[in-house]
Amino acid sequence: MKALVWHGTNDVRVERVPDPEILNGRDAIVKITSTAICGSDLHLLDGVIPTMKEGDILGHEFMGEVVEVGRHNTALKVGDRVVVPFTIACGHCFFCQKQLWSLCDNSNPNAWMVEKRYGFSCAGLFGYSHMMGGYAGGQAEYARVPFADVGPIKIPDGISDEQVLFLSDIFPTGYMAAENCAITPADTIAVWGCGPVGQFAIKSAYLLGAERVIAIDGVPARLRMAAEQGGADVINFEHEDVFDRLKEMTGGMGPDACIDAVGLEAHGATLDAYYDQIKAATFRATDRPNALRQAIHCCRKGGIVSIPGVYGGFLDKIPFGAAFGKGLTFKMGQTHMMRYMKPLLDLVQAGAIDPSFVITHRVPLDRAAEAYKTFRDDKDHCIKVVLKPQGGATVH
Amino acid sequence: MTSDVNVADVERWASALGGAALAAYGIKQLKDRSPAGAAFAAAGTALIMRGATGHCPMYDAVGINTADERDDTREHLAGARGVNVEEVVTINRPASDLYRCWRDFEMLPRFMEYVDSVRQLDHRRSHWIVKGPAGRRVEWTAEIINEIADELIGWRTLDGADVVSAGSVRFVPAPGARGTQVRVRLQYDPPGGKIGSAIAWIFGAEPSQTIREGLRRFKQLMEAGEMPTTSGQPRGGAR
C-alpha cells in the first residue's frame, strides 16, 4: 500500500510499504477513505517531538471501511464504516473505566519510554512517535487499529466523510477544551490559536452556552474563519496588545476562561516569544509556551486555563506566581476521545454543527508530502487538509 | 507477622545496655538533686524495656520494623550478596484470578519475555529455561516454599541451579474497587563466568526494569486480554 513516511526533520514522503496485518485478537484493519493532516503533525515535520524513527508512518485522523477483524473482536464486522479515534484505549483498566481514555494503562507498548520522562505512561497514539507507542498511522491506504472493539465509532450511511472525519481528533479536542472551561451563562471565553482545534473550541464554547468567545491569532484567514464561521470576536496579536484588548472587551475583568489551542510551537509578537525561539533553537528549552504565558496573564481571577495545545517537555518562564496569585485552575491533556465521539456524532446528525467548515484543501494521498509543506508555510490560506487515499479528491 | 517484636537483635542489646547506663546516670543525678536526673532515668528505663521486649512503641508509631528481615528471599540468600528487586503494580482484577493465572507456571513465558519455557515437575517443583545471549541457556529447578491460595507464592531454586535465586509474589487487595496490588520480590546471586554474563545480558543494568516489564505484560494480559504490540506492522524504508 501507499503511506506517508517520516524520514527526518522536514522530510516526509509517500512511498510503498507492506499492507498491515492483524496482530492481536481485538485488532481490525481499516481501508482508509479519508484522513487529515493535524496541526500536531507539523510538530513531527519540524522535528520537535522526540523518539521518531525514519520509516514511521504518520497520521492520526482517519476513517474508512473495516476490511478485516481479529478473532476476539465482536464489536465490528467487515463492511462497517468507522471513524477511528487518535488515542488507543483497552477499555478495562482503572483509567478507561474512569473514562480517562487517553490515560489508558495498557495501550502503549513503549510505556517505559514515557515513564522515564513523565513518571507514568499515557495511552498509545497513532503515528505519533515511539514514546507514544510507535503505532503506524493512518495517512495511508490501510491501517491496523488495535483494541478496535473500544475506539472506532460506526457511522451510518447518508452522512459524508467530511462531516464526521473530525470526530477522530479535532472536534472532540476542541469540545473537551471548551467543556474544561466549566462554562456558565454570561461567561467570556478567550481562545488562543485559530487553527482547526481553536475553531472547534470556539464553536463548542458557544454550544456549551458561552456568552461570548474572543479568538486570538496572527493569521488573517484564521481570524476571518473564527469570526465568520465561529461567530467570535477577534484580536490580531500582530496589531493589538492582547492583554489590553481582552481587559477592555471584558469590562476590566479578564476572560472567565482561557483556552491555549496553540501548544509547544507558539509564534508570537512579544519579547518573550523571541526569547523562546532563541532558547529552543539553541537547545536550551524544548517548548515555546508564549501563548500559555499570555493566557495565564490575561485570565480573570479564579478563572480556568484549559490547554488542548500539545506540550512535550520542559517549559521556561511560566508565570506561576500569577497563576497562584489569581487562584487559577488548569485543565489539560490529550482528549478522552471515547467520551465525546457518540454525543458529537449526534450533534452532527441533528444538524447542530457541520464540522467540514474547517476544510480548505482536499488532496490525493500521493501529494501528501507537498500538502504538509503547504499547511506549514502557506498559513494564510491553508487551515485543514484532507487526504483521499482511495482517490476521488479534487485538487484545490 | 503477628509477633510484636519490631527491633532487631543487635539493636535490642544496644538498647538494653545503653538504657542501663542512662538509667544509672539519671539515678546518680537524682541523688545529686538535679531535676534532669528523672528524665534520664525514665528514658533509660524505656530503653531497657525496649531491649528486653524487643518492642519499640516509637518504631510502632512510624511503622518501622528492623526485626522483620527473615522473609523468604533473605532467608535463602543471606546478607547483601544478591541482587534484590522489588516491583509492584495494581491490576484491575480480583486476587484470586491473578493468583490462578500466575500459579500456572507453564504459562508464565507468555508475559515474561526472557523466560523460554517452564515445565511443571510436580505440584511444588518446576524447571525453568531462560534465553541467554547467542543461544546460551540458563536453567534451574525451583520449588515452592510458601503458598497461601489467592495471597502468596514464595519459591527458591534447588541445588544445581545455574543461578541461585528466591522470590515471592504477593496478591494484596487494593483499596476500594481498584483490584489487586501485585508485589514481586526477587533476589538472585549473580554467578561468575559465562552464566554470569548471560544473566547480566538478560537483566541488563537495571534488573528492576526487566521485572517491571514482566509485570506490565501480566497486567495487560489480565486486564486487556492481550499485550499491545507493533511488531509486524508496516513501516517505510530507511535510506
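Mind jotting down the distance between the C-alpha centroids of region A:159-190 and region B:179-239, whole Å?
If we compute the Cα centre of each part, the gap is 40 Å.
Quick one: if the Förster radius is 35 Å, what FRET efficiency do B:Asp159 and B:Ser96 give, using the C-beta to C-beta distance and rounding to 0.05?
Calculated transfer efficiency: 0.55.
If you take each beta carbon of peptide A:88-100 and count the beta carbons of other chains within 10 angstrom, what is the mean?
What the average comes to for A:88-100 is 3.
Would you please name the trypsin sites (Lys or Arg not before Pro) within region A:20-113 that are DSSP coil residues with at most 16 other C-beta atoms within 10 Å of their C-beta?
A:Lys53, A:Arg71, A:Lys77, A:Lys98
Mind checking which aspartates and glutamates have their Cα closer than 20 Å to the Cα of A:Lys342? Skip sequence neighbours fewer than 8 apart in that chain.
In chain and number order, the partners are A:Glu61, A:Glu65, A:Asp80, A:Asp149, A:Asp157, A:Asp161, A:Glu162, A:Asp169, A:Glu179, A:Asp354.
Measuring from label point to label point, each 7 Å out along Cα→Cβ, what is the B:His127 to A:Lys98 span in nm?
4.7
Could you put A:Val14, B:Val172 in order, starting from the residue whose Cβ has the fewest other Cβ atoms within 10 Å?
B:Val172, A:Val14
Rounded, prolate or oblate for region A:283-388? Axes are the square roots of the Cα gyration tensor eigenvalues, ordered a ≥ b ≥ c, and the cut-off for rounded is a/c under 1.5.
Oblate, since a/c reaches 1.5 and b/c is not below a/b.
I want to verify a result. In a Gaussian network model of chain A, Cα cutoff 10 Å, which of these has the top mean-square fluctuation: A:Gly127, A:Gly64, A:Gly25?
Ranking A:Gly127, A:Gly64, A:Gly25 by mean-square fluctuation puts A:Gly25 first.
Calculate the mean, over all residues of peptide A:105-112, of how many other protein chain Cβ atoms lie within 10 angstrom of the residue's Cβ.
6
Using Cα springs under 10 Å in a Gaussian network model of chain A, which residue among A:Pro146, A:Pro196, A:Pro220 shows the largest mean-square fluctuation?
For chain A, modelled as a Gaussian network with Cα springs under 10 Å, the answer is A:Pro220.
Given a 10 angstrom Cα cut-off, can you work out which residue in A:Asp149, A:Asp346, A:Asp80 is the most mobile in a GNM of chain A?
A:Asp346
Report, in debye and to the nearest 20, how large the dipole of region B:72-224 comes out about its Cα centre when Lys and Arg carry +1 and Asp and Glu carry -1 on their Cβ.
Here the size comes out at about 280 debye.
Of B:Ser168, B:Ser197, how do they rank once you tally other Cβ atoms within 10 Å and put the fewest first?
If I rank by nearby Cβ atoms, fewest first, I get B:Ser197, B:Ser168.
Expected output is a single nm value to one decimal: the length gained when fully extending between B:Val172 and B:Ile148, i.e. 0.36 nm times separation in residues minus the C-alpha distance. What is it?
Extra length from B:Val172 to B:Ile148 when fully extended: 7.5 nm.
Neighbouring Cβ atoms within 10 Å as the yardstick, rank A:His43, A:His72, A:His239, A:His60 fewest first.
Ordered from fewest to most neighbouring Cβ atoms within 10 Å, A:His43, A:His72, A:His239, A:His60 come out as A:His239, A:His72, A:His43, A:His60.
Per residue of B:214-225, what is the mean number of Cβ atoms on other protein chains within 10 angstrom of that residue's Cβ?
Taking all residues of B:214-225 together, the mean is 5.
Among the lysines, select those whose C-alpha is under 22 Å from the C-alpha of A:Lys116, and discard any that sit fewer than 8 residues away in the same chain.
Reachable lysines: A:Lys53, B:Lys219.
Which value results for Rg/Rh of chain A when Rg is the Cα radius of gyration and Rh the Kirkwood radius based on the inverse mean 1/r?
0.95
May I ask you to list the lysines whose Cα is less than 30 Å away from that of B:Lys194, ignoring any residue fewer than eight positions away on the same chain?
Of all the lysines, those that pass the test against B:Lys194 - Cα under 30 Å, at least 8 places apart if same chain - are B:Lys131.
Take every Cα pair under 8 Å in region A:1-109 that's 6+ residues apart, average their separations, divide by the length, and report that relative contact order as a whole percent.
It comes to 24 percent, rounded to a whole number.
Sorted from largest down, give the three principal axis spans of the alpha carbons of region A:85-178, whole angstrom values.
46, 30, 25
For chain A, build the charge dipole from Cβ charges (+1 Lys, Arg; -1 Asp, Glu) around the Cα centre, then report which of A:Pro152, A:Ile235, A:Ile57 sits farthest towards its positive end.
Value: A:Pro152.
Please give the length that would be gained between A:Phe314 and A:His297 if that part of the chain were fully extended, namely 0.36 nm times their separation in residues minus their C-alpha to C-alpha distance (nm, one decimal).
Length gained, A:Phe314 through A:His297: 4.2 nm.
Readers should treat all values here as calculations from the given coordinates under stated rules, not as data from a laboratory. Computed from a predicted structure; not experimentally measured. Positions of Cβ are backbone-derived with ideal geometry, glycine not excepted, and every protein chain shown enters the neighbour counts.
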